[in-house]
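Coordinate-derived values only; no laboratory data. In this text, all values refer to a predicted model and were calculated from it rather than measured experimentally. Ideal geometry is used to build each Cβ from the backbone, glycine not excepted, and the neighbour counts take in all protein chains shown.
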Amino acid sequence: MHEMSILSNVMDVVLKYAQENNARKVVSVTLVVSELRDVVDELMESCFQFLCRNTIVKDATLHMEKVPLKAQCNQCRLVFPADIKQPETLVCPDCGSKQLHIHSGKEFLIKSIEIA
């Protein structure tokens, strides 16, 4: 369960930001999470709630914006949706090349922290 480790790092950043800005409480935290990060939404929420207890983040809402995996063909440069669980999507639909690289889908970042 790497969700706890991930959210522990997020909480460190959130609490530091809140302290630096003299916040009374944290209202919400928005994360951008890609498909390749392989996190379970329910576990992320549970870990967030657990780590927030007894802090100014305890009543905050966790929002997660999902970023789909997209590949880019090294031959024709087309960017297209891909799914690592479906190998047939790992072929360029334009030229048929299997020489691809990840265009998006590795992201994990804190997009916003709303404080009061």
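Give the percent of DSSP beta bridges with both residues in the stretch 3-115 that are antiparallel, rounded to the nearest 5.
Around 65 percent antiparallel, to the nearest 5.
Residue 107's amide H: which non-local residues (gap 5+, or another chain) put their own amide H closer than 5 Å, with H modeled 1.01 Å from N in plane and none for Pro or chain starts?
34
By how many degrees, between 0 and 90 and to the nearest 10, does the Cα long axis of helix 3-20 differ from the longest principal axis of the chain?
Around 50 degrees separate the two axes.
If you build a Gaussian network model of the chain, linking Cα atoms that sit under 10 Å apart, which residue out of 79, 26, 57 swings the most?
79
Over the Cα atoms of the stretch 20-81, how large are the radius of gyration and the largest Cα-Cα distance (Dmax), in Å?
Rg, Dmax (Cα atoms, Å): 16.9, 53.
Suppose only helical runs count, i.e. DSSP H with n ≥ 4. What mean residue ellipticity at 222 nm does that imply for the chain under -39500 (n - 2.57) per run, divided by all residues and rounded to the nearest 500 deg cm²/dmol?
Taking each H run of at least 4 residues, the total per residue is -8500 deg cm²/dmol.
Suppose a student asked you for the relative contact order of the chain, using Cα pairs under 8 Å spaced at least 6 residues apart; what percent would you report?
Reported relative contact order: 36 percent.
Using the Kirkwood formula on the Cα atoms of the chain, what hydrodynamic radius do you get, in angstrom to one decimal?
15.8
Calculate how steeply helix 41-52 sits against the longest principal axis of the alpha-carbon atoms of the chain, using the helix alpha-carbon long axis, and give the answer as 0 to 90 degrees to the nearest 10.
That works out to roughly 30 degrees.
For residue 114 and residue 99 in the same chain, what is the full-extension length gain: residue separation times 0.36 nm, less their Cα-Cα distance, in nm?
Here the answer is 1.2 nm.
Mind checking which of 55, 89, 76 is farthest towards the positive end of the stretch 25-97's charge dipole, using Cβ charges of +1 (Lys, Arg) and -1 (Asp, Glu) about the Cα centre?
Value computed over the given set: 55.
State the Kirkwood hydrodynamic radius of the stretch 67-116 in Å, one decimal place, computed from all pairs of distinct Cα atoms.
The Cα-based Kirkwood calculation yields 12.0 Å.
Under a GNM of the chain (C-alpha, springs under 10 Å), which listed residue has the highest mean-square fluctuation: 89, 61, 30?
89
Rounded to the nearest 20 debye, what is the charge dipole size of the chain about its Cα centre when +1 sits on each Lys and Arg Cβ and -1 on each Asp and Glu Cβ?
Taking the Cα centre of the chain as origin, the dipole is about 260 debye.
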